[in-house]
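The values are calculated or read from the model by the stated rules, or taken from the named source; none is laboratory data. Just so it is clear, the model here is predicted, and its values are computed rather than measured. Don't worry about glycine lacking a Cβ; one is built from the backbone with ideal geometry, like all the others, and counts go over all protein chains shown. Side chains included, ligands, DNA and RNA excluded: accessible areas come from the protein's heavy atoms. Shrake-Rupley method; radii C 1.70, N 1.55, O 1.52, S 1.80 Å.
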Amino acid sequence: MQTPLRIALIGAGVMGQQHLEHLDGLSQARLCAISDPNPQAATLAEKRGVPYFSDHQQMLADAKPQAAIIANPNNLHVQTAIDCVVAGIPVLLEKPVGVHLDEVRRLVTVSEASGIAVLVGHHRRHNPLIAKARALLDAGALGQLTSVTALWQLRKPDSYFDIPWRREAGAGMLLTNLIHDLDLLRHLCGEVQSVQAVTSNQARGFANEDCVAVLLQFANGALGSLTGSDAVAAPWSWELCSGENPVYPQQVDQPCYLLSGTRGALSLPQLKHWHYDASDAGWHQPLLAEVQAYPAAEALTRQLEHFIEVARGEAVPIVSAADAGRTLALIEAIRQAAETGQACTPAQI
Ligand SMILES: NC(=O)c1ccc[n+]([C@@H]2O[C@H](COP(=O)([O-])OP(=O)(O)OC[C@H]3O[C@@H](n4cnc5c(N)ncnc54)[C@H](O)[C@@H]3O)[C@@H](O)[C@H]2O)c1
């Protein structure tokens, strides 16, 4: 058996600590150091018996990790990841990959030139139900994908916005939450060629959007819509429907994504596959529905297992910096479309 991979954590807040809980369950890797300027992280490091650093550069030099998980604030993602890559350390970088496309391009260049891998934490792609959905789509179970509906409608409690930055421009649900849904739509349905969008802040009145309606034209010709709001008492969202994160009580029977093709349809997260018996059947015949089975496994654990393989050079990242950059480009195109009222094309990465 291989010696456990020595992984450092940079940014030991809510998400960083979630990664540690999942790391605890794996024998292939172990925590070797924590870096975070918040003194509370020193207590955490002491509890876990690993060295503490307030500065990640110092940690890279002294603790010499073999890999690093980066879960610090968004605006530090790119520079921290570049520092690790330059030091020869593969990283699992939390989403969003960065805040601006130009900085992401810099990270892509440095990572590709050095051959040091960056895996971006769009963890839903590691959920086995998404892997099964992707396999069904790849096998042609839906025929030609034609119509895509994605819903993200839930209510964040008012207290969520007590933290000032959450009310300020740039921290809205597009970059914080819908980035996950848009990344999954790209993963399942292919690249988006063009978007139109309307956003509004009429429910809460903060600087950020609290309601969005997006039209998506996929490169394969499929058309889609994504409607979202974080101010509505509604169940339709990956968070509430999928049961992926136990902090959200699950709405087991409600879908959040509906994918329809010429030969079948799929509702997620139920993985219900709709189709007719005969290929020329139509709305007068019974539409059959089967719930597809998939193996149970936690997305964050599977992501870490994949990261360990990536760091050992045994796999290429399922979500590279360039790939995650294309999801960020889609967010930027939606913002631009909402501002201008024009159809916009995501920038190239
Ligand atoms: N994948 C997901 O579903 C998911 C969910 C939540 C958060 N996130 C992402 O995780 C990241 C962290 O979010 P969070 O909710 O844990 O925030 P948080 O505020 O709880 O944690 C951020 C931590 O980073 C630390 N930090 C600040 N400057 C630092 C530096 N220079 N070096 C190292 N650490 C530094 C802070 O002290 C804090 O402990 C964000 O990028 C967020 O988008 C992802």
(Q) Defining a contact as two alpha carbons under 8 Å apart and six or more residues distant in sequence, what relative contact order in percent does region 22-138 show? (A) 17
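Considering only Cα-Cα distances, which of the following residue pairs are longer than 29 Å: 64/156; 64/95; 95/156; 95/132? Mind dumping the intermediate values first?
Numbers: 64/156 40 Å; 64/95 24 Å; 95/156 20 Å; 95/132 23 Å.
Violating the 29 Å Cα-Cα cut-off are 64/156.
When a/c is below 1.5 the answer is rounded, else prolate if a/b is larger than b/c, else oblate, so apply that to region 1-132 with a ≥ b ≥ c taken from the square roots of the Cα gyration tensor eigenvalues.
Details: a/c = 1.42, a/b = 1.16, b/c = 1.22.
Rounded, since a/c falls under 1.5.
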Q. Tell me, how many Å apart are the Cα centres for region 49-115 and for region 232-300?
A. 36
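Express the Stokes-Einstein translational diffusion coefficient of region 220-349 in µm² s⁻¹, to the nearest whole number, given a Kirkwood radius over alpha-carbon pairs, 25 °C and a viscosity of 0.890 mPa s.
Numbers: Rh = 18.4 Å.
It diffuses with D of about 133 µm²/s by this estimate.
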Q. In whole percent, what relative contact order does the chain give with Cα contacts below 8 Å and a gap of six or more residues?
A. 18
Q | Length-normalised contact order for region 171-314 - Cα pairs under 8 Å, 6+ apart - percent | A | 11
Q | Charge dipole (region 173-286, unit charges on Cβ, about Cα centre) - positive-most of 254, 278, 184 | A | 278
(Q) 7 Å from Cα along Cα→Cβ at both residue 21 and residue 254: what's the point-to-point distance in nm? (A) 2.3
(Q) Debye calculation, C-alpha points only, no solvent: report log10 I(q)/I(0) for region 123-189 at q = 0.13, 0.26, 0.27 Å⁻¹, in the same order as the q values. (A) -0.52, -1.20, -1.25
**Q.** Global size of region 272-315 as Cα Rg and Dmax, reported in angstrom
**A.** 19.4, 55
Q) Mind checking the alpha-carbon convex hull of the chain and giving the volume per residue in Å³? A) 149
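Hey, could you get me the Stokes-Einstein D for region 10-79, Kirkwood radius over alpha-carbon pairs, 10 °C and 1.306 mPa s, rounded to whole µm² s⁻¹?
Numbers: Rh = 12.2 Å.
Roughly 130 µm²/s, to the nearest whole number.
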Q.
Checking the cross-link filter: which aspartates and glutamates have an alpha carbon closer than 17 Å to that of residue 47, excluding same-chain neighbours under 8 positions apart?
A. 21, 24, 36
(Q) Probe radius 1.4 Å, ligands and nucleic acids ignored: give me the carbon and sulfur share of the accessible area of the chain as a rounded percent. (A) 52
Q) Which value, in Å², gives the accessible area per residue of region 101-167 when a 1.4 Å probe is used on the protein heavy atoms? A) 44
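Quote the convex hull volume per residue of region 164-269, based on C-alpha atoms, as a whole number of Å³. Display every interim value, and only then the final one.
Working: hull volume 12.1 nm³, N = 106.
Hull volume normalised by residue count: 114 Å³.
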Q | Magnitude of the charge dipole, the chain, Cβ model with Lys/Arg +1 and Asp/Glu -1, debye to 20 | A | 200
